[in-house]
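The values are calculated or read from the model by the stated rules, or taken from the named source; none is laboratory data. Computed from a predicted model, the values in this text were never measured in an experiment. Neighbour counts are summed over all protein chains in view; Cβ atoms, including those assigned to glycine, are modelled from backbone coordinates with ideal geometry. Accessible surface areas use protein heavy atoms only, side chains included; no ligands, DNA or RNA. Shrake-Rupley method; radii C 1.70, N 1.55, O 1.52, S 1.80 Å.
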Amino acid sequence: MKLFGLYKSVVVSVVLIGVVGLLACSVGNEGQVPLTTSSAEAREHFVQGRALLEKLRAQEAVPHFERAVKADPSFAMAHLYLASAQQTPKQFFESYHRAVTLIDNVSKGERLWILGFQAGVNGDSRKQEQYYQRLVEAYPNDVRAVTLL
């Protein structure tokens, strides 16, 4: 039963990411949560995967996220998004845990995003809301952050 609740949370997260994508189509990068990666290739694959995920094309997004984490294994947000697009709990938790272990090397916005996601996975919606509120306060023009909240 606990696993069903996790799946439900993941599905809701993926749908929210899709809605965010629709809202983000006309917005530039100014005021967005910065992405921490040392690889232009990783960033490019991440952005392509994120665009697909936001169009609810999760399975098409997976290879892009996999290429992003291959190009930069320390790219926490790519691991987090890969987790969101995975088909099995095992794959989800592998990618999710990797993102969490990389939290010390990310931007403030990414840290709040990952901590909020972690709180959601742990079923702590109050803490999740607090992290996402802080994220929106720091990045009020980031429609993805606003939608998470």
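Summary of computed values
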{"quantity": "Heavy-atom accessible area ranking, 1.4 Å probe, most first, across Arg134, Arg126, Arg98", "calculated": "Arg126, Arg134, Arg98"}
{"quantity": "For peptides 44-51, 85-92, sequence by mean Cβ density within 10 Å, most packed first", "calculated": "44-51, 85-92"}
{"quantity": "Euclidean distance between Cα centres, the range 57-74 to the range 87-121, Å", "calculated": "15"}
{"quantity": "Solvent-accessible area of Asp104 with every protein chain in place, 1.4 Å probe, in Å² to the nearest 10", "calculated": "120"}
